[in-house]
Amino acid sequence: MKKSILIILGALILMIAVGGFIFIKCHNDKEGEDDLSSADKDIIVVTEAYPTTFVIYGDDIEFDEKINRKIISEITEESLYNSDGYTYLIVNDLDNKAHLTKEDIHVIDKFLDNEHNNFVYLGTESLERMLSEGLFGENENVYEPDDLAVGVYHEAGNRIVTAGMYKKGAEYNLAEILIHMHSYALKM
């Protein structure tokens, strides 16, 4: 009887010690996560959880060095092709240098048939052409006059059109906004 009580007490002490160790270990692991900024968490999403290639057409955008990016000089199926992971096409037309043709828009439309591909247009010059070519579907009035970004991402197999994330006169870090937008879309 005395021996069984000692065994039970020993087992309880061992369980408490193991439970305490696990609690401390988990708490310390979460502490490191809480120390990360939201921008750092977004970078982890697009580099580790959902590895993404950021494809840039138009003026370059300086991203964090951890971001996998590719600059293209023309929009073709070949230039947009990514054999693994996700692709985020960014057309940077803020300085009106990345004019999109009807053919470019049709390639982008086909590119968006893949649920692993998302898109954002920065600027206003080619917006009417994209609307008239039906790139945004029925969402003709999704943007406001001061919007400088219109994007398409996927949620549950559907294309979702969004705007308003970057506006005229904005003093945000454009690269961080783009990473955050894509990170958010991926987690949907």
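Below is a table of values for the structure above.
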| read-out | value |
| --- | --- |
| Number of positions in the range 47-103 that are in contact (Cβ under 8 Å) with a residue 40 or more places away in the chain, under 22 Å from Glu115 (Cα atoms) and surrounded by 13 or more Cβ atoms within 10 Å (Cβ to Cβ) | 8 |
| Enumeration of residues in the range 132-141 that are surrounded by fewer than 18 Cβ atoms within 10 Å (Cβ to Cβ) and either outside the structural domain of Gly58 (by TED's automatic domain parsing) or closer than 11 Å to Val161 by Cβ (or both) | Gly137, Glu138, Asn139, Glu140, Asn141 |
| Condition check for Asn96: of a type in the set (S, T, N, Q), at pLDDT below 95 and either assigned to a strand (DSSP E or B) or on the phi > 0 side of the Ramachandran plot (or both) | yes |
| Condition check for Val142: part of a strand (DSSP E or B) and closer than 19 Å to Thr124 by Cα | no |
| Residue in the range 109-117 that is modelled with pLDDT under 90 and either in a helix (DSSP H, G or I) or out of contact with any Cys (no Cβ under 7 Å at 6 or more places or on another chain) (or both) present | no |
| Only listed residue being in contact (Cβ under 8 Å) with a residue 24 or more places away in the chain, out of contact with any helix residue (DSSP H, G or I) (no Cβ under 6 Å at 6 or more places or on another chain) and buried (at least 18 other Cβ atoms within 10 Å of the Cβ), chosen from Val120, Val161 | Val120 |
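The rows are residues; the columns are (1) outside any helix (DSSP H, G or I); (2) modelled with pLDDT of 90 or more; (3) closer than 25 Å to Thr76 by Cα.
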{"site": "Val107", "(1), (2), (3)": "no, yes, yes"}
{"site": "Phe119", "(1), (2), (3)": "yes, yes, yes"}
{"site": "Leu131", "(1), (2), (3)": "no, no, yes"}
{"site": "Tyr153", "(1), (2), (3)": "yes, yes, yes"}
{"site": "Met165", "(1), (2), (3)": "yes, no, no"}
{"site": "Ala170", "(1), (2), (3)": "yes, no, no"}
{"site": "Ile179", "(1), (2), (3)": "no, yes, yes"}
{"site": "His182", "(1), (2), (3)": "no, no, yes"}
{"site": "Met188", "(1), (2), (3)": "yes, no, no"}
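The values are calculated or read from the model by the stated rules, or taken from the named source; none is laboratory data. In this text, all values refer to a predicted model and were calculated from it rather than measured experimentally. FYI the Cβ positions are ideal-geometry reconstructions off the backbone, even for glycines, and counts take in every protein chain you see.
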